[in-house]
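**Student:** Pasting in a structure now, in C-alpha cells, and then I'll have a few things to ask.
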Amino acid sequence: MVSKIFVNLPVKDLDKSMDFFKAIGFSFNPQFTDKTAACMVMSDDIYAMLLTHDKVKEFSKKPIADAHKTLEVLTALAVESKAKVNELADKAIQTGGKEAYSPKDYGFMFTRSFEDPDGHIWEVFWMDPTKVQAE
C-alpha cells in the first residue's frame, strides 16, 4: 500500500513559487530543497516537489506543459471546513494567484480553486463527513 505521495510540478521560477506557497501557509523540508527543487510539505504524508524546468528534464523527455494554456492536472486539497476553504483560496488570490473557477457549493461539498504563478490549478474543498456514506 502507498504510504506517502509526492506530486512533482514544474515551475519557471523556484524562488517565486516558494514565496507564493509560503505566503499561503505551506512549509518546505530543507533536506529535499536546493536551487533546483523544493519539497513543499502539505501534511505528514503529502508533498509537492516544485522542480525547475531543467530538473524536470532529468526525469522526462516529454515537453513541459504550459499550465497557463493547457490542463495537465487538477490538484484537490481537502480541508476541515468551509471557512478553511475560503481562507486558503483568499490567501492564494491575495498573494498573486488567480481564481481558476467560481466557487461551487453542492450542499454536502464546497469548493474553490486557484491557479498558482505557473498556472497549475489547485482546488480546495470541504466535504461534510456526515453526508459520506459508510461502506
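None of the figures in this text is laboratory data; all of them are computed from the coordinates on show. For clarity, every value in this text was computed on a predicted model and none was experimentally measured. Cβ atoms come from the backbone with ideal geometry, glycine included; neighbour counts cover every protein chain shown.
**Student:** At what distance in nm do the modelled label points of T36 and D54 sit from each other, each positioned 7 Å from its Cα along Cα→Cβ?
**Tutor:** The modelled label-to-label distance comes out at 0.8 nm.
**Student:** S43 to S27: extension gain in nm, 0.36 nm per residue of separation minus the Cα-Cα distance? Don't skip to the end; give the middle numbers.
**Tutor:** Details: separation 16, 0.36 × 16 = 5.76 nm, distance 0.96 nm.
Length gained, S43 through S27: 4.8 nm.
**Student:** May I ask you to list the residues of the range 58-94 whose amide nitrogen lies under 16 Å from a point 7 Å from Cα along the Cα→beta-carbon direction of F6?
**Tutor:** 58-60
**Student:** Of T75, Y106, P117, whose Cα points farthest to the positive end of the dipole of the chain (charges on the beta-carbon: +1 Lys, Arg; -1 Asp, Glu; origin at the Cα centre)?
**Tutor:** With unit charges placed on the Cβ atoms, the residue in question is P117.
**Student:** About its Cα centre, what dipole magnitude does the chain give when the only charges are +1 on Lys and Arg Cβ and -1 on Asp and Glu Cβ, stated in debye to the nearest 20? Display every interim value, and only then the final one.
**Tutor:** Numbers: 17 positive and 21 negative charges, 48 e Å.
In total the dipole reaches around 240 debye.
**Student:** In the structure shown, do any of K16/K62; K22/K61; K35/K98; K35/K84 have a Cα-Cα gap over 28 Å, and if so which?
**Tutor:** K22/K61; K35/K84
**Student:** Related question: Can you work out ³J(HN,Hα) from phi for every residue in the range 108-114, in order, using Karplus 6.51 cos²θ - 1.76 cosθ + 1.60 and θ = phi - 60°, giving whole Hz and x for Gly and Pro?
**Tutor:** For the range 108-114, the Karplus curve yields 8, 8, 10, 9, 9, 9, 9 Hz.
**Student:** Which residue fluctuates most in the GNM of the chain (Cα springs below 10 Å): D116, D13, D45?
**Tutor:** Evaluated over the chain, the most mobile residue of the options is D45.
**Student:** Mind checking Rg over Rh on the range 5-131, alpha carbons, Kirkwood formula for Rh? Mind dumping the intermediate values first?
**Tutor:** On the way: Rg = 14.8 Å, Rh = 15.2 Å.
Ratio value, two decimals: 0.98.
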